[in-house]
Amino acid sequence: MELILKETIDTLGQEGDIVKVKHGYGRNYLLPQGKAVLATAASIAQRDQNMAAIQARLNDARGTAETLAKKLAGATVVIAMRVGEDGRLYGSVTSADLAEKLAELGIDIDKRKIMLEEPIKALGKETVAYKAGYQVKAEFIVEVTGLDGERKAEKVEEVEAEEPEEATAEEAAVEE
C-alpha cells in the first residue's frame, strides 16, 4: 500500500514522503490517525504543489531541533538523592526527573525522547543522549550526588548514641 505521509514518523519517513507500508499498518493506524493519505494521482499532485511549504516546515523543525541540541550539549544536570550505606540510591533517577531538572535550567524537552536505557541507580556521572528529532542527537551529563544534609544527620545521630554509652562506662570506672 502506498501512502503520502502528512507528518514525520521517525521509523517511516518525513512529511511529504511517499512510502510503502503493509496494508494493516496503513489501514488500521496511519489512515485513521490522519498521519497519511492514500497515494492517488490527485493527492500526489497536491503534495507536489505544497512541497515548498512542507520543506519550509521541515527546515524550521530541523533548526529548532539543532538549537535544542546545542543547548543540551553544554548542560550538566545535578540531582541529589538519598543514599544508603553502600552508596546505592534509595530510589532511581528516571527520564521524568531529568526532564524536570532541565526545565528548571530553562530547557524544555520531551521526557520520552531521553534515551535512558534504564533508570540510574548509583552515584556518579553519566552521559545521557537525547533524540531531538530530524536525526539530531545531543548528549548531556547527569551527576547524581548524595544529599549531604541527610547523610550528616544520620552520622551525628550515630555518634550521639555512642557517646553516652562511653561516658557512662568512664564514669563507672572513675566512681570505683
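If we keep just the residues of the stretch 87-144 that are in a strand (DSSP E or B) and in contact with a Pro (Cβ under 7 Å, 6 or more places away or on another chain), which is nearest to Gly74 (Cα to Cα)?
Val93
Identify the single condition in (1) among the aliphatic types (A, V, I, L, M); (2) exposed (fewer than 14 other Cβ atoms within 10 Å of the Cβ); (3) touching a strand residue (DSSP E or B) at 6+ places or on another chain (Cβ under 9 Å); (4) at pLDDT 90 or above that Ala129 does not satisfy, given that it satisfies every other one.
Condition (2) is where Ala129 drops out.
Show the residue pairs that are 6+ apart or on different chains and have beta-carbon atoms under 9 Å apart, the first residue being within the stretch 72-87 and exposed (fewer than 13 other Cβ atoms within 10 Å of the Cβ), the second being β-branched (Val, Ile, Thr).
Close Cβ pairs satisfying both conditions: Thr76/Ile141; Thr76/Val142; Val78/Val142; Val78/Val144; Val78/Thr145.
Could you please find all residues in the stretch 98-115 being in contact with a strand residue (DSSP E or B) (Cβ under 6 Å, 6 or more places away or on another chain) and over 19 Å from Glu66 (Cβ atoms)?
Across the stretch 98-115, the qualifying residues are Leu98, Lys101.
So, Glu171, is that one modelled with pLDDT of 50 or more, part of a helix (DSSP H, G or I), charged (D, E, K, R) and over 16 Å from Ala96 (Cα atoms) or not?
Taking the combined requirement at face value, the residue satisfies it.
Exactly one of (1) within 19 Å of Tyr130 (Cβ to Cβ); (2) aliphatic (A, V, I, L, M); (3) not assigned by TED's automatic domain parsing to the domain that holds Thr145 is unmet by Leu31. Its number?
Unmet for Leu31, out of (1) within 19 Å of Tyr130 (Cβ to Cβ); (2) aliphatic (A, V, I, L, M); (3) not assigned by TED's automatic domain parsing to the domain that holds Thr145: (1).
Ile109 is checked against (1) modelled with pLDDT under 90; (2) surrounded by fewer than 15 Cβ atoms within 10 Å (Cβ to Cβ) and fails just one. What number does that condition carry?
(2)
The values are calculated or read from the model by the stated rules, or taken from the named source; none is laboratory data. As the structure is a prediction and not an experimental result, all values here were calculated from the model. Here the Cβ is made from the backbone with ideal geometry for all residues, glycine too, and neighbour counts use every protein chain on show.
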